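Any read-out appearing in this document is the output of simple, stated calculations on the displayed coordinates, not a laboratory observation. From a predicted model like this one, the values you see are computed outputs, not experimental measurements. FYI the Cβ positions are ideal-geometry reconstructions off the backbone, even for glycines, and counts take in every protein chain you see.
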Amino acid sequence: MDVVGAGTASTSDSTAAVQVRITVPEPGPLAGQAEAAVKVTIKVGASDGKVLTVPMAAIHTSSDGRARVEVARGSTVTDVHVTVGLASAGVVEVKPDGGALKAGERVVVGG
């Protein structure tokens with residue numbers, strides 16, 4: 001089991017080399033620079049402020065294709081359907097679909 005966190009999801013710690021082809025229109029300020037080496041940073045997403053996060057291993061997919069987490073409340077385990085958001089560093093942003101899910105609750109990992 002793990003605890004639902006309240007934090008800021010970010011993808012800023014993930015990097016990957018990707019080969020891209022860029023076309024430079026002629027004429028323009030970059031004309032003649034077609035073979036130049038460049039470094040490009042592409043922002044792929046960010047969350048607005050605090051979000052609920054769970055470990056990626058806590059996300060299960062129901063037979064209907066919906067994402068859910070199992071929340072341990074006392075001696076019972078309850079399914080809470082969620083909408084999955086950004087993921088980074090082993091955690092994923094979740095928004096509960098109807099069912100209540102709060103920071104500090106314990107979710108079942110794996111299983």
Inset, instruction - Those residues that are among the small types (Gly, Ala, Ser) and either at positive phi or part of a loop (DSSP other than H, G, I, E, B) (or both), I need them from the range 27-55; list them, please. - result: GLY28, ALA31, GLY32, ALA34, ALA36, ALA37, GLY45, SER47, GLY49
Inset, instruction - Could you list, in sequence order, all residues of the range 79-103 that are surrounded by fewer than 17 Cβ atoms within 10 Å (Cβ to Cβ), of a type in the set (Asp, Glu) and either in contact (Cβ under 8 Å) with a residue 60 or more places away in the chain or part of a strand (DSSP E or B) (or both)? - result: ASP79
Inset, instruction - Inspect the range 33-51 for any residue being in contact with a Lys or Arg (Cβ under 7 Å, 6 or more places away or on another chain) and surrounded by 12 or more Cβ atoms within 10 Å (Cβ to Cβ) and give the result as yes or no. - result: no
